[in-house]
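**Q** Before anything else, here's the structure in question.
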Amino acid sequence: ERRVVAVLNGHKGRVNAVQWVHREDCAPERHLVSGSSDNRVIVWESQNGKFVQGVECKGHTGPVCTVDAIYVEDSKILVASSASDSTVRLWQCNEARDVECLHTLSFGSSFMMDVSLALLPGSRVPILACGGDNSQVHLYVQPDGQQLQKAMSLQGHEDWVRGVTWASLGGELLLASCSQDCLIRVWRLCAKSGTDARAEDDHTIIKMKEDVFEVEERVFAVSLETVLAGHENWVYGVHWQPPLYKGGELQQPLSLLSASMDKTMIIWAPEEGSGVWVEQVRVGEVGGNTLGFYGCQMSPDGFMIVAHAFHGALHLWYKDQDKEGEWRPGVVISGHFNAVQDLSWDPEGEFIISVGSDQTTRLFTPWRKQDAKQETWHEISRPQIHGYDMQCLAMVGRFQFVSGADERVLRVFQAPRNFVENFANITGTSKEKLLTSSDCANLPEGASTPALGLSNKAVFQEPPPEDHLLQNTLWPEVQKLYGHGFEMFCLSSDSARTVVASACKASKPEHAAILLWSTATWRQLQTLPCHNLTVTQMAFSPDARFLLAVSRDRTWSLWRQNVPTPESPEPLFTLHAHTAKDTAVHSRIIWSCDWSPDSKYFVTSSRDKKVIVWGPCRLEDSRDSELPPEIKPCSSILDVGDSATAVAFCPILCSDNSYLLAVGLECGRILLYRWSSGHEPAGGHDWSSCGETDI
């Protein structure tokens, strides 16, 4: 169904590694281990179908970069983690949620890039493989009740080892290691019986060199099974196909997946007759200006493979059941890989456009499949890929938007006809109806991208994969708007689609002025000076008669649209009301503002944790020309307990004519409140809490 099933919130820094703890009977996993830049490892456990935070392993003094875990006797979990403090630590967790650091391996000035744990064949002794920047794979064993001992180092790679992973094959173990030397090595570890040891002296037989080590009076031998050459750049990840339970016994398919910086993934397996390891399948990206793949996974049945790439993108391929041996790209979930700075609904409410610090503008819409029970949201277009961090955007009609970034220019984009056709295909709306609407009057054919000189007239029946999003879904830039002296900060457009207001970062009154632009000609209509510092957000009233602005100077300003005359048919605004230093209620930066759907009230929210409704901006049953005498707080001051960074009115009133508001907090929580205008604000009874999001 391609949807998010759970969000696990527990780390305080970037999460660098996740690993399932696989069960020996291949039943659904009950534990998951994660490592983070907050120097912690967390073991999550399944309770009633939900994963909750179990134990925390604290002790590393640097970001944790890789983790692995296996079950040892009586449901204890052995966890291995490597961090940039040049250590690998071994932890043991039990069901009583006790955790103990069994051992710390220090590598001096070396880093271990990957770790993998397994149990030695025919015993319950754990073996740990570590691969790192000294081009070797180190093996350690932990005999019962003893310290961790080094068994051996495997030589052969000529550059940093990026990945190591064990697979258990009956009475043997296979270890795959991949490296920046573009090669993958597969090593075989098996137990030697007493008779094998004597055959060593026979010099007439040519065989692979074996390294041996002893654990608990048993001898184990490690030999090189094969070297896999096929990638043309650093190999970042290797992954064995997971074992499966067949006919009452565990079977390990001999199938190895690798992912490389050359933008390809390869599935390797031994040939049936000769047993020689060969490349079975190769999939990947062509063109584009992206880096390659950082890691890979394979589904338990071996019919799906996924890689993750630079910019946080996932790349999925699945085996076509109809055509023998053919693999096709599949639909995945994608999103911003850095802070999302602004978003806007399409006026009809059918899609969302968002901008982020990852320098992209992305468009998301529900994908309606014929037989699907549930629609899922997907990115279907990346209208803008920029060289600056994006800050703000405003929709002007359905298929046009203005965006601002950390630069002084505003840019206007218009959807190509090709986008409207793909949008119709994916959402199941009528293409003819869309193309004949006023929004599509004179749409350009497409945007040209210089990559390989390809035109981007790609037609999609389903959400496009990442390489198409990067190259074939751009919107043409139709206008640049110059006028601001500093980086753009916020944008707003009116409901009549005639005016766009913009503001930039400012530390002086002359830079804090709001600029108004005509959407018909894209010329500058007006400069509205009032604030002393950055205007943080602006909002036009739903009836388009007022423009509200809030600022870092802790005040708001309200601008009224003049009645158009034949001399000046274009909308012009004059200052109607504002708060000053002495009349301001907020004591810190005002972050956000919004209008009630009836254009009667507006709301402000601030870092001082306060949310206030102001008004009235319209008198009941009055003629248009009459304006209310003064605008003052109409609500009691709502303290939300944390910096209120965003606020919005629901466009539909509640059944009792009260207003529904959403307040977004700095901690990531969203609170819902009802506000009734009829109640006396004095006692604070005008606000009632309706719910909040789960952290």
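**Q** Restricting attention to segment 340-358, does a residue exist that is surrounded by fewer than 21 Cβ atoms within 10 Å (Cβ to Cβ) and over 30 Å from residue 517 (Cα atoms)?
**A** For segment 340-358, residues surrounded by fewer than 21 Cβ atoms within 10 Å (Cβ to Cβ) and over 30 Å from residue 517 (Cα atoms): absent.
**Q** Here's a check for you: in segment 401-434, which residue that is out of contact with any Leu (no Cβ under 8 Å at 6 or more places or on another chain) and without any contact (Cβ under 8 Å) to a residue 24 or more places away in the chain is nearest to residue 499 (Cα to Cα)?
**A** 434
**Q** For segment 353-399, what are the residues that are out of contact with any helix residue (DSSP H, G or I) (no Cβ under 8 Å at 6 or more places or on another chain) and hydroxyl-bearing (Ser, Thr, Tyr)?
**A** Correct list: 354, 357, 360, 361, 376, 388.
**Q** Output the number of residues of segment 266-291 satisfying the condition of being assigned to a strand (DSSP E or B) and in contact with a Pro (Cβ under 9 Å, 6 or more places away or on another chain).
**A** Summing the residues that are assigned to a strand (DSSP E or B) and in contact with a Pro (Cβ under 9 Å, 6 or more places away or on another chain) in segment 266-291 gives 4.
**Q** Quick check on segment 385-400: of everything there that is open to solvent by less than 10 Å² (accessible area, probe 1.4 Å) and either touching a residue at least 60 places away in the same chain (Cβ under 8 Å) or touching a Gly at 6+ places or on another chain (Cβ under 7 Å) (or both), which residue is nearest to residue 591 (Cα to Cα)?
**A** Selected residue: 392.
**Q** What is the residue count in segment 150-163 for residues that are farther than 20 Å from residue 182 by Cβ and without any contact (Cβ under 8 Å) to a residue 24 or more places away in the chain?
**A** 2
**Q** Restricting to segment 120-153, what's the tally of residues that are open to solvent by 40 Å² or more (accessible area, probe 1.4 Å) and not charged (D, E, K, R)?
**A** 7
**Q** Which residues, taken from segment 1-46, are closer than 15 Å to residue 79 by Cβ and open to solvent by 80 Å² or more (accessible area, probe 1.4 Å)?
**A** Correct list: 18, 20, 22, 30.
**Q** Quick check, is residue 339 under 26 Å from the mean Cα position of the chain (by Cα) and closer than 20 Å to residue 180 by Cβ? Steps first, please.
**A** Values: under 26 Å from the mean Cα position of the chain (by Cα): yes; closer than 20 Å to residue 180 by Cβ: no.
Criteria not met by residue 339.
**Q** Which of the residues that make up segment 362-389 are closer than 10 Å to residue 427 by Cα, in contact with a strand residue (DSSP E or B) (Cβ under 8 Å, 6 or more places away or on another chain) and part of a loop (DSSP other than H, G, I, E, B)?
**A** Result: 375, single match.
**Q** Right, something else. Mind listing whichever residues of segment 503-520 are farther than 9 Å from residue 535 by Cα and part of a strand (DSSP E or B)?
**A** 515, 516, 517, 518
**Q** I've got another one for you. Does residue 628 satisfy the criteria of being at pLDDT below 90, touching a Pro at 6+ places or on another chain (Cβ under 9 Å) and either assigned to a loop (DSSP other than H, G, I, E, B) or under 30 Å from residue 339 (Cβ atoms) (or both)?
**A** In short, yes.
**Q** Is there a residue being in contact with a Pro (Cβ under 6 Å, 6 or more places away or on another chain) and assigned to a loop (DSSP other than H, G, I, E, B) anywhere in segment 337-344?
**A** No, every residue in segment 337-344 fails to be in contact with a Pro (Cβ under 6 Å, 6 or more places away or on another chain) and assigned to a loop (DSSP other than H, G, I, E, B).
**Q** Considering segment 92-135 alone, what residues qualify as being over 23 Å from residue 175 (Cα atoms) and touching a residue at least 40 places away in the same chain (Cβ under 8 Å)?
**A** Hits for segment 92-135 are 93, 97, 98, 99, 101, 102.
**Q** Hey, another quick one. Quick one: residue 134 ticks every box in (1) farther than 15 Å from residue 152 by Cα; (2) modelled with pLDDT under 95 bar one, so which box is it?
**A** Result: residue 134 passes all but (1).
One line per residue, one yes/no per condition, for (1) of a type in the set (S, T, N, Q); (2) at pLDDT 95 or above; (3) more than 21 Å from residue 392 (Cα to Cα); (4) assigned to a loop (DSSP other than H, G, I, E, B):
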| position | (1), (2), (3), (4) |
| --- | --- |
| 592 | yes, yes, no, no |
| 597 | no, yes, yes, yes |
| 608 | no, yes, yes, yes |
| 611 | no, yes, yes, no |
| 620 | no, no, yes, yes |
| 648 | no, yes, no, no |
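**Q** Give the residue that is most open to solvent (accessible area, probe 1.4 Å), with candidates limited to residues of segment 247-269 that are farther than 18 Å from residue 291 by Cβ, among the aliphatic types (A, V, I, L, M) and touching a residue at least 40 places away in the same chain (Cβ under 8 Å).
**A** The initial filter retains those residues of segment 247-269 that are farther than 18 Å from residue 291 by Cβ, namely 247-257, 267-269.
Next, from what is left, pick out any that are among the aliphatic types (A, V, I, L, M): 250, 254, 256-257, 267, 269.
This time we only want the ones that are touching a residue at least 40 places away in the same chain (Cβ under 8 Å), so: 250, 254, 256-257.
Details: 250: 86, 254: 66, 256: 0, 257: 0 Å².
Per the stated criteria, the residue is 250.
**Q** Scanning for something at pLDDT 95 or above and among the basic types (Lys, Arg), does segment 472-495 turn up at least one residue?
**A** Checked segment 472-495: at least one residue is at pLDDT 95 or above and among the basic types (Lys, Arg).
**Q** While we're on this one: Testing residue 259 on (1) closer than 18 Å to residue 174 by Cα; (2) at pLDDT 95 or above, one condition comes back false. Which one is that?
**A** The number of the failed condition is (1).
**Q** Taking residue 38 and the conditions (1) modelled with pLDDT under 95; (2) part of a loop (DSSP other than H, G, I, E, B), which numbered condition does it fall short on, given that it satisfies the others?
**A** Here residue 38 clears every test but (1).
**Q** Which numbered condition trips up residue 579, out of (1) within 21 Å of residue 686 (Cβ to Cβ); (2) open to solvent by 60 Å² or more (accessible area, probe 1.4 Å); (3) modelled with pLDDT of 90 or more?
**A** Among (1) within 21 Å of residue 686 (Cβ to Cβ); (2) open to solvent by 60 Å² or more (accessible area, probe 1.4 Å); (3) modelled with pLDDT of 90 or more, the lone unmet condition for residue 579 is (2).
**Q** Separate question: Identify, please: which residue in segment 650-695 is small (Gly, Ala, Ser) and exposed (fewer than 11 other Cβ atoms within 10 Å of the Cβ) and is, among those, modelled with the lowest pLDDT?
**A** Pass one, segment 650-695, residues small (Gly, Ala, Ser): 655, 658, 662, 664, 668, 676-678, 682-684, 688-689, 691.
With the extra rule that they be exposed (fewer than 11 other Cβ atoms within 10 Å of the Cβ), the set shrinks to 655, 678, 682-683, 691.
On the way: 655: 88, 678: 75, 682: 62, 683: 67, 691: 94.
Among those residues, the one meeting the criterion is 682.
**Q** Looking at segment 156-180 only, could you name the residues that are modelled with pLDDT of 95 or more, over 11 Å from residue 227 (Cβ atoms) and in a loop (DSSP other than H, G, I, E, B)?
**A** Residues satisfying the conditions are 158, 159, 160, 180.
**Q** Give the residues of segment 83-122 that are among the polar types (S, T, N, Q) and in contact with a Cys (Cβ under 9 Å, 6 or more places away or on another chain), sorted by residue number.
**A** Step one: list which residues in segment 83-122 are among the polar types (S, T, N, Q), which gives 84, 86-87, 92, 94, 104, 106, 109-110, 116.
Within segment 83-122, 84, 92, 116 qualify.
**Q** Moving on. Which of (1) surrounded by 15 or more Cβ atoms within 10 Å (Cβ to Cβ); (2) polar (S, T, N, Q); (3) more than 21 Å from residue 469 (Cβ to Cβ) is the odd one out, the single condition residue 403 does not satisfy?
**A** (3)
**Q** In the list 61, 104, which residue meets the criterion of being in a loop (DSSP other than H, G, I, E, B) and open to solvent by 10 Å² or more (accessible area, probe 1.4 Å)?
**A** Numbers: 104 fails: in a loop (DSSP other than H, G, I, E, B).
The conditions single out 61.
**Q** Taking the condition of being at pLDDT below 95 and open to solvent by less than 30 Å² (accessible area, probe 1.4 Å), how many residues in segment 526-545 meet it?
**A** 1
**Q** What about residue 79, is it among the β-branched types (Val, Ile, Thr), touching a Ser or Thr at 6+ places or on another chain (Cβ under 9 Å) and part of a strand (DSSP E or B)?
**A** In short, no.
**Q** Then there's this: For segment 546-576, name all the residues that are in a strand (DSSP E or B), more than 14 Å from residue 513 (Cα to Cα) and open to solvent by 60 Å² or more (accessible area, probe 1.4 Å).
**A** Within segment 546-576, just 560 meets the criteria.
**Q** Something else about it: Among the listed residues 279, 232, 225, identify the single one that is within 18 Å of residue 181 (Cβ to Cβ), open to solvent by 30 Å² or more (accessible area, probe 1.4 Å) and touching a Gly at 6+ places or on another chain (Cβ under 8 Å).
**A** Of 279, 232, 225, the one residue that is within 18 Å of residue 181 (Cβ to Cβ), open to solvent by 30 Å² or more (accessible area, probe 1.4 Å) and touching a Gly at 6+ places or on another chain (Cβ under 8 Å) is 279.
The values are calculated or read from the model by the stated rules, or taken from the named source; none is laboratory data. Treat the numbers as computed from the prediction; the structure is a model and nothing was measured. Note that each Cβ is placed from the backbone with ideal geometry, even for glycine, and that neighbours are counted across all protein chains shown. Accessible surface is based on the protein model in full, side chains and every heavy atom, while ligands, DNA and RNA are left aside. Shrake-Rupley method; radii C 1.70, N 1.55, O 1.52, S 1.80 Å.
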